[in-house]
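No value in this document is a laboratory result; all are computed from the given coordinates. None of these values were measured; they are calculated from a predicted model. Using ideal geometry, Cβ is built from the backbone for each residue, glycine included, and neighbour counts are taken over all protein chains shown.
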Amino acid sequence: MLTEVEKLYLEEEKNLVSLKEWTNFLKSYGVFQKAAFRASLPFDPRFNAVHWGFAVNSLCREIAFGFCWMNAYANHFKAQVGQGSQLANVDFHASYFADNCITRIDSCRDKIALMVWAFYCPFNPEKRHETLDYQLVLERLKYPLRFGLNLKGQEDFIELLEILKGKDFDRIETYRNYKIHRIEPRIEIYGVKPHHGWDYMFPLYEKREIQEWEKELEKRYPDNNFREHIKKGCHINGVLFEMRKIKDSLWDYADVSIQIRTSLIKLLKASAGCFTILPRRSPLRKKPKGYDKIGGISKKKR
C-alpha cells in the first residue's frame, strides 16, 4: 500500500510528464539516441557530443525526479504541520531533494553547453583547464574569432543556449555557490520570517563597509550621543563588528520551487533543441542508401 507521501509524488509526476516540454524532450532524445546507435562510434571527434548528450538526458531525468519528490514532501509537511505552529518550518526531505535539483541544474546547464562544444572543438574532460563552463562556451560560440576559432552553423546552438539565462538560473547558481563554498542554505516551507535564523558577527575592516554601517546606524539612531554609545559597544579588541543574519542563508520554499521548475523547463527546451539538431549533422546524420563507410561512395556509382 502506498504511503501518503508516495501518493503525493505520483500526483506531482503525473503533472510533470504531461508538460509539452517533457514530451518534446523524450521524443527528441529518442531521435538523438537512435542516430547515435546507428552511427556505430565513427572515428570522428564530433561523436564525443553523444557522451555529453547521454549525461544531459540523465541529469534532466534526475532533476525531474527530485523536483517531484521535493514538492511531495513539502506538501506532506504542510498537511502535517500548520503555519505558525513552530519556530521554524524546515523539512529534511524537501531540503534534500531541493539541494539535489539545484546542484544538478547548474551541472546540466554546463553539460548542455559542453555537448555543443564537443561537436565543434575536441577537448580532454580529464584536464580541468580544457573543460569549460556554460558562460565560457557561449562566449566562444558567439565570438569565435576573438579566440582564433573558425566555426560554422553555431547560430542555432547559440539561440538554444541563450534560453539558459535569467534571474532563475542566477538564483540557482547563488544557492549552489553558497552551499558548496560557504554556508548551508536553509529552506523555510512557509517562507522566511524575521525571527528565523541566527545572527552572525561580521568583522568590518574596509573603509567602505564601515561607512555603510555608520550610515545605517545613523538612520536607526538619530541621537549622536546614543549612537556613539552603541558604536563603542560594537568594538572587540579594537575591531568593529556588525551583528546580522547572513544574506541568502534563508530561502522561501515557494521561490525555490518556482526557480527549479522554471529552470528545468528551460533545460528541457534547450536539450531537446540540441537533440534535434545534432542528428541532422555529420557524423550522426543518416547516410544515403548504399553508402560505403570506408570509401564514402555509393555502391551503385562504382
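Say each of Met201 and Ile158 gets a label point 7 Å from the Cα, pointing the same way as Cα to Cβ; how far apart are those two points in nm?
Each label point lies 7 Å from its Cα, and together they span 5.3 nm.
For Rg and Dmax of the Cα atoms in Å, which listed value, [x] 17.3, 54; [y] 19.5, 60; [z] 25.8, 100, comes from the coordinates shown?
[z]
What is the sum of charges, Lys and Arg at +1 and Asp and Glu at -1, for the other residues whose Cβ falls under 14 Å from the Cβ of Leu164?
Working: positive: Arg104, Arg109, Lys111, Lys142, Lys165, Lys167, Arg171, Lys266, Lys269; negative: Glu21, Asp106, Asp110, Asp133, Glu139, Glu159, Glu162, Asp168, Asp170, Glu173.
That works out to -1.
Can you tell me the orientation of helix 224-233 relative to the chain, as the angle in degrees between its alpha-carbon axis and the longest Cα principal axis, to the nearest 10?
It is inclined by approximately 70 degrees.
Which entries of Lys111/Lys287; Lys20/Lys266; Lys167/Lys245; Lys78/Lys167; Lys167/Lys193 have Cα-Cα distances beyond 18 Å here?
Violating the 18 Å Cα-Cα cut-off are Lys111/Lys287; Lys167/Lys245; Lys78/Lys167; Lys167/Lys193.
If you take the square roots of the eigenvalues of the alpha-carbon gyration tensor of the range 1-66 and sort them as a ≥ b ≥ c, do you get rounded (a/c under 1.5), prolate (a/b over b/c) or oblate?
Because a/c hits 1.5 or more and a/b exceeds b/c, the range 1-66 counts as prolate.
Along the charge dipole of the chain, pointing to its positive end and built from +1/-1 on Cβ of Lys, Arg, Asp and Glu, which listed residue (Leu217, Trp117, Met70) has its Cα farthest out?
Trp117
If one takes the longest principal axis of the Cα atoms in the chain, at what angle in degrees, from 0 to 90 and to the nearest 10, does the Cα axis of helix 4-17 lie?
Helix 4-17 and the main axis of the chain meet at about 50 degrees.
Give, to the nearest whole percent, the P(r) tail of the range 200-244 beyond 12 angstrom, counting all Cα pairs.
On the way: 607 of 990 pairs.
Beyond 12 Å sits 61 percent of the P(r) for the range 200-244.
Report the charge-dipole magnitude of the chain in Debye, nearest 20, computed about the Cα centre from +1 at each Lys and Arg Cβ and -1 at each Asp and Glu Cβ.
Working: 51 positive and 39 negative charges, 477 e Å.
The dipole of the chain has a size of about 2300 debye.
Taking the mean number of other Cβ atoms within 10 Å as a proxy for protection, how do you rank 47-53, 236-242 from highest to lowest?
Working: 47-53: 20.6, 236-242: 10.9.
The most tightly packed comes first, giving 47-53, 236-242.
Tilt of helix 92-120 relative to the longest C-alpha principal axis of the chain, in degrees (0 to 90, nearest 10)?
40
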